[in-house]
1. Once both axes come from the Cα atoms, what is the angle between helix 307-323 and the longest principal axis of the chain, in degrees from 0 to 90, rounded to 10?
2. Can you give me the angle between helix 196-205 and the longest principal axis of the chain, using Cα atoms only, in degrees from 0 to 90, rounded to the nearest 10?
3. Looking at this model, which pairs from Lys139/Lys298; Lys42/Lys269; Lys258/Lys322 are more than 20 angstrom apart at the alpha-carbon?
4. Among Leu108, Gln92, Thr148, pick out the residue whose Cα is farthest towards the positive end of the charge dipole of the chain, where Lys and Arg carry +1 and Asp and Glu carry -1 on C-beta, about the Cα centre.
5. Under a point spin-label approximation (7 Å from Cα along Cα-to-Cβ), what is the Ile284-Tyr47 distance to one decimal in nm?
6. Have a look at Lys54, Lys200, Lys139 and tell me which one the Gaussian network model of the chain (Cα, springs below 10 Å) gives the largest fluctuation.
7. Under a point spin-label approximation (7 Å from Cα along Cα-to-Cβ), what is the Val319-Gln196 distance to one decimal in nm?
8. Ignoring everything except DSSP H segments at least 4 long, calculate the 222 nm mean residue ellipticity for the chain; use -39,500 (n - 2.57) per segment, divide by total residues, nearest 500.
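No value in this document is a laboratory result; all are computed from the given coordinates. Note that the structure is a prediction, hence the values are computed from the model and not measured. Don't worry about glycine lacking a Cβ; one is built from the backbone with ideal geometry, like all the others, and counts go over all protein chains shown.
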Amino acid sequence: MTIEIKTTSVEPIRNTYSAIARRFGDKPATRYQEASFDIEAKTNFHYRPLWDPKRTLNDPSRTAMQMDDWYAVTDPRQFFYGAYVGNRAKMQEAAESNFGFCDKRNLLTRLPEETQHQLLRLLVPLRHVELGANMNNSKIAGDAIATTVAQMHMFAATDRLGIGQYLSRIALLLDGSTGKALDESKTFWMDDELWQPMRKLVEDMLVIDDWFELTLVQNVLLDGLMYPLIYDRMDAWLGEQGAEDVSLLTEFQRDWFKESLRWTNAMTKTVVGESEGNREQLQIWVTQWEPRAYEALKPIAQATTGLDALDEIRAELSVRLKKVGLESTGVQA
């Protein structure tokens, strides 16, 4: 008996979803394109938001920035949910290994009492800043229009919650997971004069209405000054105090900030380049908020690295702003 096996090729009727085909043509699309473009609803809303009845859902008037197409703002990392989760799983695995190493060998509890006190006063209170960043990026994700913009901020919101938890775990390593160190650290956040300018800035940011103003202040200006100060300069300062092992517990933050610069720079450059009106309004916001971010970090710098380090970081931020078409307010001593 003879058996003949034949193959037949079937041409697909279409190569991707209609919304993607209208934007990119009827050709095989990337996973990022299929998961990120033209997803949000634009018509046939049943009701206006009860919390803001003057606007519709996905209303472009929630920001002063004007874009012909907000999907011009894309993520250079090409992160959609699956790619994001896979990437963060690897980063978390490395972080968990570092925390396990420090816990097993009691590296933090071996530190002098004064050094442990410095960690609780100067580092762990930043978990409250991270919670504010989580809330801010969540708000932006809810108000932004294009999915490419919203998901970048939602991923950032999730990251900031995780970073806050890592900072909390440093306190738990110091007190044997009793929670006493967290209470002590919160007292510094609430009462120590060193933290009050930052507390006020975080609280004021929570009520910024324009979502693009908020992402500029949070993700470009404050983070652009805070992360290099805390996780680069202050990290080196802590090493000089004998707390070199803390670097193991903050490696995630350094890697995260380096990666986040890719999308924040790309987003800002695209919006600035859209129109002169956008650039002028963004420059007004930079002039208003950059000095406040600097002043909020000034007491921390004075207590650790010195103001020269913060001024160097501000100069670096000035260079990044200039590359996207904006001007820093200048370095202040």
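1. Relative to the chain, helix 307-323 is tipped by roughly 10 degrees.
2. Between helix and principal axis, roughly 20 degrees.
3. Lys139/Lys298; Lys42/Lys269
4. After comparing all options, I get Thr148.
5. A separation of 3.5 nm, rounded to one decimal place.
6. Lys54
7. 3.6 nm
8. Result for the chain: -20000 deg cm²/dmol, rounded to the nearest 500.
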